[in-house]
There are 2 protein chains.
Amino acid sequence: MLGYMNAEAYEQTVKTGDVTFFSRSRQKLWTKGETSGHKLRVREVQVDCDQDALLIQAELTGPGCCHMGYKSCFFRKVTAAGEEVIMEREFDPAAVYGVGE
Amino acid sequence: MLGYMNAEAYEQTVKTGDVTFFSRSRQKLWTKGETSGHKLRVREVQVDCDQDALLIQAELTGPGCCHMGYKSCFFRKVTAAGEEVIMEREFDPAAVYGVGE
């Protein structure tokens, strides 16, 4: 998954070991898994050459990372014919997040 | 590597098969490898759940992707003690990009 971190989100991620983002739309911190329980436990943090992006290797404490029920948010490939789902659904989003999410 | 694409960059990527970004600082398209020759040839494009990020699986036509001479831009891990380089340098940036880059 791809998410935005500010300094506070990064500090909380390091302190707790649970990947935490900053929601720019809601203007608040959110820890991945705070609703679903599917947390991302940090294994290693890598930083890129110009130091504006992090690649976090993490252990997922649940069946899927994506709020749509898949292991990864990148569960579709794009082809000339359109989009194609390339993963199996791991859980039912309505059961985990409630109907309407 | 992580880079920004606008619609035109994406269209050029699909048309040519060479990963192309849009530089927001220089306000122009740039094809990865246009200086170094180390291009990224698209194998597969995956799109995320909310459709604002792409994960591109690509073949690198050179020794390293990063302008600092490493296979990946994420060549350092972050530890409590600071940053630690976790990859070998694959090429000399000065020889590829010229001195001063």
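Rundown of residues vs (1) in contact (Cβ under 8 Å) with a residue 24 or more places away in the chain; (2) part of a loop (DSSP other than H, G, I, E, B), yes/no style:
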{"residue": "B:5", "(1), (2)": "yes, yes"}
{"residue": "B:8", "(1), (2)": "no, no"}
{"residue": "B:34", "(1), (2)": "no, yes"}
{"residue": "B:38", "(1), (2)": "yes, yes"}
{"residue": "B:42", "(1), (2)": "yes, no"}
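Could you look through region B:13-32, keep only residues that are assigned to a helix (DSSP H, G or I) and among the β-branched types (Val, Ile, Thr), and pick out the one that is farthest from the other protein chains (Cβ to nearest Cβ)?
Of region B:13-32, the ones assigned to a helix (DSSP H, G or I) are B:13-16.
Subset that is among the β-branched types (Val, Ile, Thr): B:13-14, B:16.
Working: B:13: 11, B:14: 8, B:16: 14 Å.
Applying the filter and picking the extreme gives B:16.
One residue stands out in region A:1-12 among those that are farther than 23 Å from residue B:54 by Cβ and within 14 Å of chain B (Cβ to nearest Cβ): the one that is surrounded by the fewest Cβ atoms within 10 Å (Cβ to Cβ), namely A:7.
Taking the criterion of being touching a strand residue (DSSP E or B) at 6+ places or on another chain (Cβ under 7 Å) and not β-branched (Val, Ile, Thr), the residues of region A:66-101 that qualify are A:69, A:70, A:74, A:75, A:76, A:77, A:83, A:84, A:87, A:89, A:90.
Test of understanding: among B:45, B:19, B:14, which residue is among the aliphatic types (A, V, I, L, M) and under 14 Å from the mean Cα position of the chain (by Cα)? The unique qualifying residue is B:19.
Pick from region A:36-88 the residues that are of a type in the set (Val, Ile, Thr) and within 8 Å of chain B (Cβ to nearest Cβ): which of them is surrounded by the fewest Cβ atoms within 10 Å (Cβ to Cβ)?
Of the residues in region A:36-88, the ones of a type in the set (Val, Ile, Thr) are A:42, A:45, A:47, A:56, A:61, A:78-79, A:85-86.
Among the residues that remain, those that are also within 8 Å of chain B (Cβ to nearest Cβ) are: A:45, A:47, A:78, A:86.
Numbers: A:45: 20, A:47: 17, A:78: 17, A:86: 13.
The selected residue is A:86.
Considering (1) touching a residue at least 12 places away in the same chain (Cβ under 8 Å); (2) exposed (fewer than 15 other Cβ atoms within 10 Å of the Cβ); (3) hydroxyl-bearing (Ser, Thr, Tyr), the lone condition that residue A:20 does not fulfil carries the number (2). Is region B:25-33 home to any residue that is of a type in the set (S, T, N, Q) and closer than 27 Å to residue A:45 by Cβ? Looking through region B:25-33, at least one residue is of a type in the set (S, T, N, Q) and closer than 27 Å to residue A:45 by Cβ.
Selection of region A:44-65 for residues being in a loop (DSSP other than H, G, I, E, B) and among the hydrophobic types (A, V, I, L, M, F, W, C) yields A:49, A:53, A:65. Of everything listed in (1) touching a Pro at 6+ places or on another chain (Cβ under 7 Å); (2) free of Cβ contacts under 8 Å to residues at least 12 places away in the same chain; (3) of a type in the set (D, E, K, R), the single unmet condition for residue A:90 is (2). Taking the numbered list (1) without any contact (Cβ under 8 Å) to a residue 60 or more places away in the chain; (2) out of contact with any Pro (no Cβ under 7 Å at 6 or more places or on another chain) in turn, residue B:67 passes all entries but (2).
Can you tell me how many residues in region A:66-90 are assigned to a loop (DSSP other than H, G, I, E, B) and out of contact with any Phe, Trp or Tyr (no Cβ under 9 Å at 6 or more places or on another chain)? Write out each step before concluding.
Looking only at region A:66-90, we keep the residues that are assigned to a loop (DSSP other than H, G, I, E, B), and these are A:66-69, A:71-75, A:80-81, A:86-88, A:90.
So of that shortlist, the ones also out of contact with any Phe, Trp or Tyr (no Cβ under 9 Å at 6 or more places or on another chain) come out as A:71-75, A:80-81.
Summing the residues that are assigned to a loop (DSSP other than H, G, I, E, B) and out of contact with any Phe, Trp or Tyr (no Cβ under 9 Å at 6 or more places or on another chain) in region A:66-90 gives 7.
Every read-out reported here was derived from the displayed coordinates using simple, explicitly stated rules and does not represent laboratory data. Bear in mind the structure is a predicted one, so any value in this text is a computation, not a measurement. No Cβ is skipped: glycine too gets one built from the backbone with ideal geometry, and neighbour counts run over all protein chains shown.
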